[in-house]
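J.: Take a look at this one; I'll ask things after.
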Amino acid sequence: QAIMDEIGHPVKKDMVLFACLAGWRISEIRRLKWQDVDLDKGTAWIMDPKNSQSVEIELSDEVVKVISRQRRRGDFVFCFKNGNQFKTNIRDVVKNAAKRAGVTLPPRKAWHIFRRTWASMMLQNGCDIETLRVLGNWKDYSMPMWYADAAGRKRKKQILNKLPEMFKD
């Protein structure tokens, strides 16, 4: 919240809020197009993501509100007033806002910290590992299990016991 409080640009602030609430990668948020969003259904498609598997993702009510606040200026949900897509300065916006807020970010992870925080919060609030993998659009379980490890031994054991049985008779 301290970082968001230091961001003056309303669309960029909403992009950070979207990242916190949905856990999407910066590239996925920047490339989100209106044609890939169904606000009535509460879903959006992550098109051409890092793992190369486009997927439809359920959105929370709060994320739908963030998207609904954006004005249709072009193809992209989060864009400049002229409709052009935001490119690279988003990371600098976050780094500068964090500095003003007195928040220390991990090196070279200024934006990715929101994805990490989202994943950790999902697990701490009872999300199972498969749901986290799907919502985070990870190809396999390696990253969700990394976050489970950070949640502690007891929580990791609970999550492991929720994984589908690999070998059934």
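Listed here are the residues, each with its yes/no results for (1) touching a His at 6+ places or on another chain (Cβ under 6 Å); (2) open to solvent by less than 50 Å² (accessible area, probe 1.4 Å); (3) farther than 24 Å from A97 by Cβ; (4) touching a residue at least 24 places away in the same chain (Cβ under 8 Å).
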site: G8; (1), (2), (3), (4): no, no, no, no
site: K12; (1), (2), (3), (4): no, yes, no, yes
site: G23; (1), (2), (3), (4): no, yes, no, yes
site: E28; (1), (2), (3), (4): no, yes, no, yes
site: R31; (1), (2), (3), (4): no, no, no, yes
site: K41; (1), (2), (3), (4): no, no, yes, no
site: M47; (1), (2), (3), (4): no, no, yes, no
site: K50; (1), (2), (3), (4): no, no, yes, yes
site: Q53; (1), (2), (3), (4): no, no, yes, yes
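J.: Considering the stretch 91-135 alone, what residues qualify as being among the polar types (S, T, N, Q) and either in contact with a helix residue (DSSP H, G or I) (Cβ under 7 Å, 6 or more places away or on another chain) or open to solvent by less than 30 Å² (accessible area, probe 1.4 Å) (or both)?
T.: Within the stretch 91-135, T117, S120 qualify.
J.: Moving on. Among the numbered criteria (1) surrounded by 14 or more Cβ atoms within 10 Å (Cβ to Cβ); (2) at pLDDT 95 or above; (3) in a helix (DSSP H, G or I), which single criterion is violated by Q35?
T.: Unmet for Q35, out of (1) surrounded by 14 or more Cβ atoms within 10 Å (Cβ to Cβ); (2) at pLDDT 95 or above; (3) in a helix (DSSP H, G or I): (1).
J.: Hey, could you check the stretch 72-90 for residues that are in contact with an Asp or Glu (Cβ under 9 Å, 6 or more places away or on another chain) and surrounded by fewer than 16 Cβ atoms within 10 Å (Cβ to Cβ) and say which is modelled with the highest pLDDT?
T.: Here the answer is G83.
J.: While we're looking at this one, here's another question. Consider only pairs whose beta carbons are under 9 Å apart and that are at least six residues apart or on different chains; among these, list those whose first residue lies in the stretch 120-139 and is under 16 Å from W24 (Cβ atoms) and of a type in the set (D, E, K, R) and whose second residue is modelled with pLDDT of 85 or more and surrounded by 14 or more Cβ atoms within 10 Å (Cβ to Cβ).
T.: K139/R133
J.: Scan E58, E62 and give me the residue that is without any contact (Cβ under 8 Å) to a residue 60 or more places away in the chain, surrounded by fewer than 20 Cβ atoms within 10 Å (Cβ to Cβ) and either closer than 25 Å to E130 by Cβ or within 14 Å of the chain's Cα centre (by Cα) (or both).
T.: Going through E58, E62 in turn, just one is without any contact (Cβ under 8 Å) to a residue 60 or more places away in the chain, surrounded by fewer than 20 Cβ atoms within 10 Å (Cβ to Cβ) and either closer than 25 Å to E130 by Cβ or within 14 Å of the chain's Cα centre (by Cα) (or both): E62.
J.: Only one of these is within 15 Å of the chain's Cα centre (by Cα) and either at pLDDT below 90 or more than 15 Å from V11 (Cβ to Cβ) (or both): G136, G126, G102. Name it.
T.: G136
The values are calculated or read from the model by the stated rules, or taken from the named source; none is laboratory data. No experiment lies behind these values; they were computed from the predicted model shown. Here the Cβ is made from the backbone with ideal geometry for all residues, glycine too, and neighbour counts use every protein chain on show. Ligands, DNA and RNA are excluded from the accessible area calculation, which covers all protein heavy atoms including side chains. Shrake-Rupley method; radii C 1.70, N 1.55, O 1.52, S 1.80 Å.
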